[in-house]
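Data first, discussion second: the structure below is written as structure tokens.
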Amino acid sequence: MDVERAAAEMPDDIVGPGPQEDPDALRKDTRLSATSIPQMAVESAALLTLFSLLIFIEGGIRLTLIDVKDLGRPEGVKLFPPVASFIASICELVFGFIGLMLGLISLIESPVCAKKIKACVLGTVLLNLFVFAVYNLADPIYRIRNLISFGGRPVSDVSLFRGAESMALLTRICFTIALFAGQVIFMLRLASSSSTKGKWSSGVMQAHAIFWNANVALAGLWTLVLGGGVLSHTELFRKIEDVNGTIFFFLPHAGTEPGFTIATGIVMILWGVLGVALALLRRQKVHWFLLGSLPVALLVYLNFTLVQLGQLRFIVSDASLVATNTAYVFALFFLSCFFLRRCRHQKHTS
């Protein structure tokens with residue numbers, strides 16, 4: 001006992017220091033604790049950044065295509081007031097920038113608190129609705145009512161023009177909902193990741209999977225109807241020099257091959273319905289569907305960009321339509337696949 005007491009009372013320089021911790025392990029633990037951000041937060045922040053960047057680019061494209069000095073009345077041709085389009089494009093830039101900064105801050109620094117994110121969601125939704133109302137309701141409806149075609153060419157068949165423009169309007173609504181709502185969804189998921197509730201329930205994921213796959217099918221339906229209308233009235237669409245085939249321009253649809261448009265619409269309908277069925281049946285193995293979505297999305301991308309618009313290079317002088325349609329196609333198929341996969345994963349892990 002005396003020996004043990006004497007050893008305990010000896011100074012450290014005689015007894016020697018106690019066991020030392022590995023400095024590399026200490027640095028590793030510190031690094032992990034400093035970056036212990038939930039996976040859902042990192043995922044949501046990254047996807048929020050991506051969707052916001054696409055929206056920001058679209059807003060910039062729309063702004064550069066507006067000539068405010070023109071006042072929208074060149075040589076007596078009726079056009080939608082450019083001031084409204086100018087304000088809407090500025091608003092799109094604003095909420096795209098808000099989401100972009102919010103996502104980047106959450107990725108680089110640390111997740112923003114839920115209250116600040118929800119405030120950003122409220123402002124984004126309000127700006128979203130205004131931009132949506134201008135570019136997807138007011139502008140196209142104004143052109144449909146006043147028979148304003150691309151390039152100011154005369155409308156030879158009023159009913160066909162209004163029918164095709166209506167199908168184009170419905171397609172654009174499906175596309176824009178996917179792009180704009182995608183940003184808001186990942187804002188909300190980012191807010192949920194920093195709260196006590198955490199993950200969304202399997203039922204919420206299933207509802208999203210059903211809705212977004214149905215959105216793909218609806219976009220395909222409007223595409224099919226428009227392509228069929230153009231193909232059945234090819235004699236009414238003007239042919240110009242250096243372009244072979246029938247020309248149609250009903251944004252986001254444009255091109256010279258209505259048959260390819262019809263085929264694209266059919267594939268979109270079938271794939272969207274299949275996705276809805278998988279979500280309803282709660283199938284656990286959907287990897288084959290996700291892999292199959294890649295060639296389907298590529299087909300849709302080619303229809304709305306390279307194949308069709310490549311024939312219109314003598315009419316369309318810029319690549320703005322290619323850029324915006326690329327963002328639309330990505331948002332459309334990404335949301336359908338993302339929530340179908342998350343629906344199955346959430347059900348399996350809950």
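The values are calculated or read from the model by the stated rules, or taken from the named source; none is laboratory data. Since we're looking at a predicted model, the values are computed, not measured. For neighbour counting, all protein chains shown are included, and Cβ atoms are generated from backbone atoms with ideal geometry for every residue, glycine included.
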* Asked: Hey, any hits in region 105-116 for a residue that's surrounded by 15 or more Cβ atoms within 10 Å (Cβ to Cβ) and closer than 23 Å to residue 219 by Cβ?
  -> no
* Asked: For residue 190, all conditions in the list (1) under 25 Å from residue 53 (Cα atoms); (2) outside any loop (DSSP other than H, G, I, E, B); (3) at pLDDT below 85 hold save one; what is the number of the exception?
  -> (3)
* To do: Output the number of residues of region 167-189 satisfying the condition of being of a type in the set (Phe, Trp, Tyr) and in contact with a His (Cβ under 8 Å, 6 or more places away or on another chain).
  => 0
* Only one residue in 310, 265, 272 is modelled with pLDDT under 90, of a type outside the set (Ser, Thr, Tyr) and assigned to a helix (DSSP H, G or I). Which one? -> 310
* To do: Kindly check whether there is at least one residue in region 247-258 that is at pLDDT 85 or above and in a helix (DSSP H, G or I).
  => yes
